[in-house]
1. Need pairs with beta-carbon distance below 6 Å; first residue more than 16 Å from SER187 (Cβ to Cβ) and within segment 58-77, second in a helix (DSSP H, G or I) and of a type in the set (Phe, Trp, Tyr); sequence gap 6+ or separate chains.
2. List pairs: first residue in segment 119-148 and touching a residue at least 12 places away in the same chain (Cβ under 8 Å), second residue among the charged types (D, E, K, R) and in a loop (DSSP other than H, G, I, E, B) anywhere in the structure, Cβ distance under 6 angstrom, at least six positions apart or on different chains.
3. So for segment 223-239 (the condition being within 30 Å of GLU66 (Cα to Cα), in contact (Cβ under 8 Å) with a residue 40 or more places away in the chain and not in a loop (DSSP other than H, G, I, E, B)), does at least one residue qualify?
4. Any residue in segment 169-176 that is more than 18 Å from PRO275 (Cβ to Cβ) and aromatic (Phe, Trp, Tyr)?
5. Quick check: is even one residue across segment 73-88 closer than 20 Å to ASP51 by Cα, assigned to a loop (DSSP other than H, G, I, E, B), modelled with pLDDT under 95 and of a type outside the set (S, T, N, Q)?
6. Answer yes or no: is there a residue in segment 264-275 that is out of contact with any strand residue (DSSP E or B) (no Cβ under 7 Å at 6 or more places or on another chain), in the same structural domain as GLY208 (by TED's automatic domain parsing), among the acidic types (Asp, Glu) and part of a loop (DSSP other than H, G, I, E, B).
7. Can you work out which of the residues in segment 1-28 that are surrounded by 12 or more Cβ atoms within 10 Å (Cβ to Cβ), modelled with pLDDT of 75 or more and more than 21 Å from HIS39 (Cα to Cα) is farthest from the chain's Cα centre (by Cα)?
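The values are calculated or read from the model by the stated rules, or taken from the named source; none is laboratory data. Here the structure is a predicted model, which is why all the values come from computation and not from measurement. Every residue, glycine as well, gets a Cβ built from its backbone with ideal geometry; the counts of neighbours run over all protein chains shown.
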Amino acid sequence: MNNSEEQLITELAGYISSLVPINVEDTRNKLSSIMTDYHVTKVDKHETHPDLDEKINMYLSSKRLEGLSPITLQGYELELNTFTKHVKKKVENITTSDIRIYLGNFPHLKMSTLGRKLSVSKSFFGWLAAEEIIQRDPTKKLKPPKEEKRLPKALTIEELEMLREACVTVRQRAFIEILYATGCRLSEVHGLNKRHVNQQTMSCCVIGKGDKEREVYFSFKAMYHMNKYFKSREDDCEALMVTERKPYRRLSKRGIQREISVIAARAGLEKKVSPHTLRHTFATLTLNNGAELVAVQELLGHSSSETTLRYARITEERKRDQHKKFLVQ
């Protein structure tokens, strides 16, 4: 019998004796006899509880079978691993208060980020409850935090031109034109290969959120700079965007972000510019130019038009034009 088993027997015998009069030694002997069929390991308070680890693995396996994208699964795994570092209990013992306290450990995060953390917890515990692994869902009473209603910070036409003029290499200009013309997410562009580009239709297919495929389009300007970039390359790498130096390989998502930041800094733009800023710019300028909301929704890969409507912020000048054009006198 190991130390953990002996400690458990002592604690059980002590607890029973506090409830009813017993012969402690006889009770210990009886418990020892029962324990011969079991192996007990004490969980250290500073370690992740093995039960929680096991349930997380079961959950992720289930979601993988449901067809969730690798990117989504990776995000779920990272968040749940963070959760295990703060909450060290069996899943059936985790309470609503435990989750509230956990979320309260991140006062520096935006409401939208906290909302995503809660969303993962709700998905995990909701699945455990649905599978009848736990009797009740501790996240059921928790409401998502109220998100800040901030408008996406798109570039103006002037700022977009400043960004273009700040490019000093063929590679940089191609990156700007590809991200702006397609309106793609960073993860979508990162996974593209040269062979995915259809030169005739000036388009390509990308895999978006929820593993959904959609067609996106390049402008003449984007095609020109992209082909110029292809001709300047001296590598055999299949990736659309590759590293600047040998050994040439697919440029990481962080590498693409860094390249855009360097260009923006050279352009002297005060606002933060990222690949997602160019996606916002594509949506805003396209809608301002008269594109149909449903068409832009499809181009962006949004499942709901409500998401696309966030970009439908028109300039004061266009508001005046619309008022003059459509007001019934």
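1. Short answer, once both residue conditions are applied: TYR59/PHE124; TYR59/TRP127.
2. PHE125/ASP137; GLY126/ASP137
3. The answer is yes, given that some residue of segment 223-239 is within 30 Å of GLU66 (Cα to Cα), in contact (Cβ under 8 Å) with a residue 40 or more places away in the chain and not in a loop (DSSP other than H, G, I, E, B).
4. Filtering segment 169-176 for residues more than 18 Å from PRO275 (Cβ to Cβ) gives 170.
This time we only want the ones that are aromatic (Phe, Trp, Tyr), so: none.
No - not one qualifying residue is present in segment 169-176.
5. Scanning segment 73-88, I find at least one residue that is closer than 20 Å to ASP51 by Cα, assigned to a loop (DSSP other than H, G, I, E, B), modelled with pLDDT under 95 and of a type outside the set (S, T, N, Q), so the answer is yes.
6. Yes; the residues of segment 264-275 include at least one that is out of contact with any strand residue (DSSP E or B) (no Cβ under 7 Å at 6 or more places or on another chain), in the same structural domain as GLY208 (by TED's automatic domain parsing), among the acidic types (Asp, Glu) and part of a loop (DSSP other than H, G, I, E, B).
7. Only one residue tops the list, namely ILE22.
One line per residue, one yes/no per condition, for (1) in contact with a Leu (Cβ under 9 Å, 6 or more places away or on another chain); (2) buried (at least 17 other Cβ atoms within 10 Å of the Cβ); (3) at pLDDT 95 or above:
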site	(1), (2), (3)
ASN198	no, no, yes
ASP211	yes, no, no
HIS225	no, yes, yes
VAL242	yes, yes, yes
LYS246	no, no, no
GLU259	yes, yes, yes
ILE263	yes, yes, yes
LEU287	yes, yes, no
